[in-house]
Each structure stands twice: as structure tokens, then as C-alpha cells.
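Accompanying notes for the structure given below.
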Amino acid sequence: MSGFSGELGSAIKVLVVHAAVAYYCEITGKAHILVIHNALYLRSMKTNLIPPFMMRLAGLQVNECPKFLSIVAPSISDHSVYFPAVDVRFPFQIEGIVSYLSTRIPSDQELCDYAGEYLLLTPNSEDWGPHTAKY
């Protein structure tokens, strides 16, 4: 893996993993386990970066426009991610210009308690390739 500039140094090896994170929805008061397939894993990295187009490939409806920039009156669908298969919507938070969902490492108990209810943030596809012409 290498950065967008040669000034960042030499390429490093990065593991590709399937990961789970826990998200607590303050609106519903329920925790959710979110699965990220084919994630780049850097042990020292504390933030999960997911391109919105990857969430869209998983069938999610992503609206990353902050509510204060909404052209019409802001609605619940602004600045959120929606999981249509289970009719669940999570509002994004914002810090500066970065939109995010606050997540944490799930406990072993949560992984057991929510088994079968995991929500996919990215598609589970072995044949996905970022250099494919269709992207």
C-alpha cells in the first residue's frame, strides 16, 4: 500500500480483513453489529475509513450531505445511512468536514447476542476489484 504522495515513504504491507464494529443508536437505544468486509487493517489506526460508494455497493442509501447544507428543510434522511432491508437509519455525526458513525469494538457477548442480526456496511464480494473498468 502506498499513499497519494511519494513524500509519504515506501509502501507497506496491509492485511485485508473482515471486521465487526458495534454502533449504539441513541434514537432507538439499541446496539447494532456492523460488518465491514475486505477492510484494510492497520493495527495503529483508530478510525475506520469507508468510502460511501462501498456502502452503496452493499445496498445502503447514503446521504453524506450535512443537514445545514440541505437545499430544502433538513429531514431525517439527510446526513444518514439507511439499511433498507431492515428499515434502520443511523444519523451521521460531524466533526469539521468529516462525517462519521461513532463505533467501538464489540464485546464477545454482543457478537453472540446479535448473531444473525449483523448489518453489512460493505458488500461481501470476493471478485470486487477497485481497478475494474466498471468503477
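General observations
- Rotationally averaged projected area of segment 25-135 (alpha carbon convex hull; nm²): 9.1
- Backbone phi angles across segment 67-78, fed through the Karplus curve with coefficients 6.51, -1.76 and 1.60 (θ = phi - 60°), yield HN-Hα couplings of 4, 5, 9, 4, 5, 10, 4, x, 10, 4, 7, 5 Hz in residue order; Gly and Pro are listed as x.
- Net charge over other residues, Cβ less than 12 angstrom from the Cβ of Ile33 (K, R count +1; D, E count -1): -2
- Under 14 Å, Cβ to Cβ, from Asp78 - net charge with Lys/Arg +1 and Asp/Glu -1: +1
- Net dipole in debye of segment 14-120 [+1 Lys, Arg Cβ; -1 Asp, Glu Cβ; about Cα centre; nearest 20]: 260
Where a number appears in this text, it was derived from the coordinates with a stated rule and is not lab data. A quick note: this is a predicted structure, and the numbers were derived from the prediction, not measured. Cβ sites come from the backbone with ideal geometry, for glycine too, and all protein chains shown count toward neighbours.
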